[in-house]
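The values are calculated or read from the model by the stated rules, or taken from the named source; none is laboratory data. This structure is a prediction, so every number in the text was calculated from the model and none was measured. Cβ placement follows ideal geometry from the backbone for every residue including glycine, while neighbour counts extend to all protein chains displayed. Protein only, heavy atoms only, side chains kept; ligands, DNA and RNA dropped before computing areas. Shrake-Rupley method; radii C 1.70, N 1.55, O 1.52, S 1.80 Å.
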Amino acid sequence: MTVDELEKERARPAGMGPVGWLRWGWRTLTSMKTALILLFLFALASVPGSLVPQRGVDPDKVAALFQNDPTLAEWYDRFQLFDVFTSAWFAAIYLLLFTSLIGCVLPRTATYVRELRRRPPAAPRNLSRLPHFSRLDDPLTVEEAAGRLRRLRFRVEVGDGWVAAEKGYLRETGNLLFHVSLLALLVAIGFGSLYGYRGNVLVVEGDGFANTVAAYDRFIPGNQVSAESLEPFSFTLTDFQTTYQVEGPKRGQELDYSAYMKVNDAPGAPTRDYTLKVNEPLEVNGTQTYLLGHGYAPVFKVTDGKGQVAFEGPVPCLIEIKLTLTSGCVVKVPDAQPSQLGFLLRFLPTGDGAGASLFPGALNPQVQLLGAFSGDLGVRSGRPQSVYELAPPEVMRKLTPLVMGTGQAPLAVGGSLPLPKGAGKLEFTGVKEWMTLQIAYDPGRLPALIAAGTAVVAIALSLMIRRRRVWVRVKDGVAEVGGLTRTEGSAAGFTEEFADIVKVLSAGGKDAR
C-alpha cells in the first residue's frame, strides 16, 4: 500500500461497529418519539380486540364465524385476531413499550432530582431585555422582595442587590409522574396476566356451576395460576328472564335480561340469592362473573329403535338470526340402538307455522326438523367435535339420511315425530334458556385503575402549570422586576400573573398574597 493509499484509508470515517449499533438502537428505542409511536401502536393493536369477537369474551360468535365463513375465520385465527391480547405481536409491542418507558423514566428522574436541587439562577444584568419588565415606583429592599415572593410560593435565592425566584416545578413533576404511571399501568397489566385468569361457560336454566377448571368451556389461566388458585364458589341458575320491546319500529329489541341465581361463596357457606345483570357482575373475593349473552335451549326426548329413552334434556342452540333469536340446534344421540341418531333442527321462539319466527320471545315456540340421520357419528373416535356440529364432513357422507328438507310441519311443545324404518321417535317437550358467562380474576385491575387515574392527573399538571422565573434588582433605592417563562407558548398567560406579582411587590406587606 502506497503512502497516498494509506492516507486515504486513515481519512475514511470509522464504522459504528457492534457497540455503536447497540448504543444507537438503545437511544432510538428510549427516545420520546419512539415511546409515543409505540404507545400509538399499543392503542391501535387493541382495535381488533373490539372489532373481532374474542375467544375469551364471546366464544359463541367465534364458533358462528367458523361455521358461516370458515375461510375468513382461518385467516383471523392465523393472525391471532381471535386472541388479540394474548397474541405474540401484541406482547412484542407491550414489551417494547415497557422497555422504552424505562429508558425514558430513568434519565428523566435523574434530571428531575438535579433540577430540584438547583437554586434559581442569578439575576441578569439588564432586566429590561426580558419579555416581561417593570420598574417599581415605591422603594423596595432585597429582603422585602424576597419575603413577598416567598409568600407567593416562589423558590427564592438572594444575592448582592438582587433576588431570583422560580415557580412551577410541578410541571416537571407531572411529566415524570405521567411516565411513571404509564410504566405502573403496564406492570399492573402484566401482573394481572401472570396471576389472573378468565374463562367462559354456558349455563342452562336449572343447572349449576362450580368454579373448577373442569367446569369451564374455555379456560385461560395466567402462567402462575394453578387449579388451587380458583376461588371455590358455586351457583345454580334458577330462572332467566328477558324483556323485549313489543310495539313500534324497534319491536323485538331487548330491553333487559336478568339471571336469578342461588350462590354459595364457599363450600358450606349459606346460600344467597343474587340477580345477575349486564354490567352488574357477581363478585366473590375479587373473582367477577359477567353476564355476556343468552339464547334458547329446547328440551328434547329421543326414543331409539328398541323403545328405550336414549336422550332427554335441554340442547343449547346457536343463534342464527339475532333479530328473532332463530337458532340452529344439533342433537347427538350416541347411545341410541341399534344405530346412533343425529338431528339438525331450527328453533323458532315465536313460530308462524311456516318455518319462520315473528318475535324473539318464546310466545309460540316451535322446532323445525331440517334433517335426521343414523349411523356412526364419530363421537367415540377420540377426535374432538363441536357441540354445534353434527359431524365432520367426511363422517356426514357416511351417515344414512332418515328425514331431509323442511317439508315437515314444525313441532310445537309436546309434539313428536316418529322416524322412518322404526329408527325411533323425536319429542319436543319444553323450552329453557341459557346464558353465557365470563368469569375473571385480575389482581392487577385496581392497581391499573389507580395508575390510569394518576396518569390523567399528571398530564393535567404537565399541561396546565407553567415554569416561570422572576428577578428583582435593587440599586440606589430603585427596584426593577423582570420575568420570563420556561414553557413555550405560555408567555401570553404569564402577562397577567406578572402584573399581579408587580402589584404585590409594590403594595407592601399589607397587600401581599
(message) Can you go through 211, 200 and tell me which one is polar (S, T, N, Q), touching a Phe, Trp or Tyr at 6+ places or on another chain (Cβ under 6 Å) and buried (at least 19 other Cβ atoms within 10 Å of the Cβ)?
(response) 211
(request) Residues being over 18 Å from the mean Cα position of the chain (by Cα) and within 19 Å of residue 47 (Cβ to Cβ): count how many of those fall in the stretch 90-117. (result) 1
(message) I'd like to know if the stretch 72-92 contains one or more residues that are over 30 Å from residue 192 (Cα atoms) and open to solvent by 20 Å² or more (accessible area, probe 1.4 Å).
(response) yes
(request) Scan the stretch 109-133 for residues that are part of a helix (DSSP H, G or I) and either closer than 27 Å to residue 176 by Cβ or open to solvent by less than 70 Å² (accessible area, probe 1.4 Å) (or both) and jot them down. (result) 109, 110, 111, 112, 113, 114, 115, 116, 117, 127, 128
(request) Just need a number here: residues in the stretch 71-108 that are outside any helix (DSSP H, G or I) and in contact with a Phe, Trp or Tyr (Cβ under 6 Å, 6 or more places away or on another chain). (result) 0
(request) Specify the residue that is nearest to residue 473 (Cα to Cα); the eligible residues are those in the stretch 106-143 that are aliphatic (A, V, I, L, M) and free of Cβ contacts under 8 Å to residues at least 24 places away in the same chain. (result) 113
(message) Condition first: at pLDDT 90 or above and touching a Ser or Thr at 6+ places or on another chain (Cβ under 6 Å). Can you find one or more residues in the stretch 478-498 that meet it?
(response) yes
(message) So, in the stretch 134-144, how many residues would count as being surrounded by fewer than 16 Cβ atoms within 10 Å (Cβ to Cβ) and in a loop (DSSP other than H, G, I, E, B)?
(response) 4
(message) Looking only at residues that are outside any strand (DSSP E or B) and of a type in the set (S, T, N, Q) in the stretch 238-266, which one is farthest from residue 203 (Cα to Cα)?
(response) 245
(request) May I ask you to list pairs of residues, at least six apart or on different chains, whose Cβ atoms are under 8 Å apart, with the first in the stretch 259-271 being acidic (Asp, Glu) and the second being assigned to a loop (DSSP other than H, G, I, E, B)? (result) 265/233; 265/285
(request) Please work out which residue is farthest from residue 182 (Cα to Cα), limiting yourself to the stretch 431-451 and to residues that are open to solvent by 40 Å² or more (accessible area, probe 1.4 Å) and out of contact with any Pro (no Cβ under 9 Å at 6 or more places or on another chain). (result) 441
(request) Filter the stretch 316-325 down to residues that are without any contact (Cβ under 8 Å) to a residue 40 or more places away in the chain and touching a Phe, Trp or Tyr at 6+ places or on another chain (Cβ under 7 Å) and give me whichever is farthest from residue 297 (Cα to Cα). (result) 325
(request) Note down all Cβ pairs under 9 Å where the first residue falls in the stretch 380-395 and is among the small types (Gly, Ala, Ser), the second is assigned to a loop (DSSP other than H, G, I, E, B) and at pLDDT below 80, and they're at least six residues apart or on different chains. (result) 391/385
(request) Return the total of residues in the stretch 42-68 being more than 23 Å from residue 321 (Cα to Cα) and exposed (fewer than 15 other Cβ atoms within 10 Å of the Cβ). (result) 4
(message) I want to confirm something. Restricting to the stretch 338-381 and keeping residues that are within 38 Å of the chain's Cα centre (by Cα) and more than 25 Å from residue 243 (Cα to Cα), which single residue is modelled with the lowest pLDDT?
(response) 379
(request) Would you mention how many residues in the stretch 218-272 are touching a Ser or Thr at 6+ places or on another chain (Cβ under 8 Å), aromatic (Phe, Trp, Tyr) and open to solvent by 40 Å² or more (accessible area, probe 1.4 Å)? (result) 1
(message) Given (1) at pLDDT below 85; (2) open to solvent by 30 Å² or more (accessible area, probe 1.4 Å); (3) not aliphatic (A, V, I, L, M), identify the lone condition not met by residue 178.
(response) (1)
(message) If I ask for residues that are without any contact (Cβ under 8 Å) to a residue 60 or more places away in the chain and outside any strand (DSSP E or B), which ones from the stretch 280-315 would you list?
(response) 281, 285, 306, 307, 308, 315
(message) What are the pairs with Cβ atoms under 6 angstrom where one residue, in the stretch 19-30, is hydrophobic (A, V, I, L, M, F, W, C) and the other, located anywhere, is open to solvent by less than 100 Å² (accessible area, probe 1.4 Å) and assigned to a helix (DSSP H, G or I)? Sequence gap at least six, or different chains.
(response) 29/100
(message) Being surrounded by 17 or more Cβ atoms within 10 Å (Cβ to Cβ) and at pLDDT below 95: is that true of residue 469 here?
(response) yes
(request) Having 3 or more residues that are at pLDDT 85 or above is the bar; report the helices (runs of 4 or more DSSP H) wholly within the stretch 1-67 that clear it. (result) 32-45, 47-51
(request) At least 2 residues that are open to solvent by 60 Å² or more (accessible area, probe 1.4 Å) in each: list the strands (runs of 3 or more DSSP E) lying fully within the stretch 321-430 that qualify. (result) 400-404
